[in-house]
Amino acid sequence: MNERFSRTELLIGPDAMVRLASARVAVFGIGGVGGYAVETLARCGIGALDLIDSDLVGITNVNRQIIALESTIGREKVAVASERIRDINPECRVRAHQCFYLPATADDFDFSEYDYILDAVDTITAKLQLIERAHEAGTPIISCMGTAYKLDPTAFRVADIYETSICPLARIIRKECRKRGIKHLKVVYSTEPAHARFGGTNLEDIRCEMGTIDDGGHRVGRAGIPASIAFVPPAAGLAMAAEVIKDLISVE
């Protein structure tokens, strides 16, 4: 028994630990949601992790991102997360990709080599590309819907995209998946209506807050910085990672 993960092994058994150690998981977006998902996957003994994000740690990330500290401000998110993973489990094989996932970079990734994909990106364009590519490759994917303007971490649910409600982003993704002939997509979404106390939260505002990325990697149509708080994005990230672990070891 590997002492590092001995308590996990007591819960799920040695065969499951072997499956986790042999799995390669890609996490797209290492922010408030993706950072906590990565942390959980590393602490569960996933053997290989690909981290994809183009951003640097900024001071406005400190309120909710596990990798955001005074000492990491200005550094590449994927580099900081990679160091953290290696400190948790030196045997984990980490590949860091500092880039946006765009049409121009899509061919840099072979989705067939992944056992699972986590979509924690914050733009509609990238989300739809990830979902389409995973669907084409036959690789399981879980996609996070909106976490901005929320205050209730207990309101997150895991469901098929066609079973979602309330979340404006889920409504957009649901419509686009239907257009693309994608019949199933596992998502984490919130049943909590958005809070409008200090910011606009109607559907069109959230479209703008999410924005899109052009072919040069620049944000377009972004109205401002979405409101968020320390305990909501982590809840979504933990839920995503839990689903990945359970699916990889086939636990209901």
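The values are calculated or read from the model by the stated rules, or taken from the named source; none is laboratory data. For clarity, every value in this text was computed on a predicted model and none was experimentally measured. Virtual Cβ from ideal backbone geometry, glycine too; neighbours counted across all protein chains shown.
Data overview
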| quantity | calculated |
| --- | --- |
| Matching residues, segment 125-164, being within 13 Å of the chain's Cα centre (by Cα) and not polar (S, T, N, Q) | 126, 127, 130, 131, 141, 142, 144, 145, 146 |
| Wholly enclosed strands (runs of 3 or more DSSP E) of segment 35-121 bearing at least 1 residues over 16 Å from residue 134 (Cβ atoms) | 48-52, 93-97 |
| Matching residues, segment 129-147, being polar (S, T, N, Q), under 19 Å from residue 178 (Cβ atoms) and either modelled with pLDDT of 95 or more or assigned to a strand (DSSP E or B) (or both) | 143 |
| Segment 130-180 - residue that is touching a residue at least 60 places away in the same chain (Cβ under 8 Å) and among the charged types (D, E, K, R) and, of those, nearest to residue 104 (Cα to Cα) | 150 |
| Lone qualifier among 82, 71, 112 - being more than 19 Å from residue 36 (Cα to Cα) and free of Cβ contacts under 8 Å to residues at least 40 places away in the same chain | 112 |
| Scan of segment 148-197 for residues that are of a type outside the set (Val, Ile, Thr) and part of a strand (DSSP E or B), ordered by number | 156, 157, 159, 160, 186, 189, 190 |
| Number of the condition not met by residue 92 [criteria: (1) surrounded by fewer than 20 Cβ atoms within 10 Å (Cβ to Cβ); (2) over 18 Å from residue 46 (Cβ atoms)] | (2) |
| Conditions (1) surrounded by fewer than 20 Cβ atoms within 10 Å (Cβ to Cβ); (2) among the charged types (D, E, K, R); (3) in contact with a helix residue (DSSP H, G or I) (Cβ under 8 Å, 6 or more places away or on another chain); number of the one not met by residue 113 | (3) |
| Subset of segment 1-21 that is outside any helix (DSSP H, G or I) and without any contact (Cβ under 8 Å) to a residue 40 or more places away in the chain - its residue that is farthest from the chain's Cα centre (by Cα) | 1 |
| Scan of segment 44-63 for residues that are in contact with a Phe, Trp or Tyr (Cβ under 8 Å, 6 or more places away or on another chain) and either farther than 19 Å from residue 86 by Cα or charged (D, E, K, R) (or both), ordered by number | 50, 53, 54 |
| Single residue of 27, 57, 33 found to be crowded, with 19+ Cβ neighbours inside 10 Å, within 20 Å of residue 147 (Cα to Cα), in contact with a Ser or Thr (Cβ under 7 Å, 6 or more places away or on another chain) and touching a residue at least 60 places away in the same chain (Cβ under 8 Å) | 33 |
